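Every number here is computed from the coordinates shown, using simple stated rules; none is lab data. Given the structure is predicted, the values throughout are model-derived calculations rather than measurements. Glycine also receives a Cβ, built like all others from the backbone with ideal geometry; neighbour counts cover every protein chain displayed.
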Amino acid sequence: MSGIDLSNNNFVGAIPPEFGNLSEILPLNLSHNNLTGSIPATFSNLKYIESLDLSYNNLNGAIPPQLAKVTTLEDFSVAHNNLLGRTPERKYQFGTFDDENCYEGNPFLCGNCSEEAVPSQLVLMMYKEMMIS
């Protein structure tokens with residue numbers, strides 16, 4: 001299988017975890033939709049994936065640490081979502097990504113944040129959501 005480009009389709013809802021079963025896929029582009037929920041941990045099963053673009057959605061939660069085990073990624077972007085917590089460990093391919101571009105627009109994501117910083121960011125995000133509701 002080569003790749004799937006589902007960008008700019010106004011899709012809503014969560015990313016189906018079954019996308020992680022597409023183990024032979026090379027690029028997967030789900031950018032510029034209105035996807036919500038978390039990034040499926042099953043994406044770590046995408047053993048040959050070269051490009052993963054989840055930017056410009058409304059994804060939340062943490063980036064699954066299992067993604068750091070995917071060593072074939074050349075391009076990765078989760079920019080402009082609502083992700084929080086630590087970025088994946090900077091090893092394998094994740095050590096080559098430009099933090100400013102692939103993670104920008106996620107004010108609650110941090111690279112070298114302290115243990116104390118992550119919980120306070122979560123509390124702040126929850127407070128903001130309560131104020132919006």
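Assuming R0 = 22 Å, can you tell me the calculated FRET efficiency for the pair LEU26 and ASN101, based on Cβ-Cβ distance, to the nearest 0.05?
Given R0 = 22 Å and the Cβ-Cβ separation, E is 0.60.
Among 76-84, 36-44, how do they line up by average Cβ neighbours within 10 Å per residue, starting with the highest?
Final packing ranking: 76-84, 36-44.
Using a 10 Å cut-off around each Cβ, can you sort TYR103, TYR48 from fewest to most neighbouring Cβ atoms?
TYR48, TYR103
If you take the beta carbon distance between LYS47 and LEU6 as r and set R0 to 25 Å, what does 1/(1 + (r/R0)^6) give as a FRET efficiency, to the nearest 0.05?
The pair LYS47/LEU6 has a calculated efficiency of 0.75.
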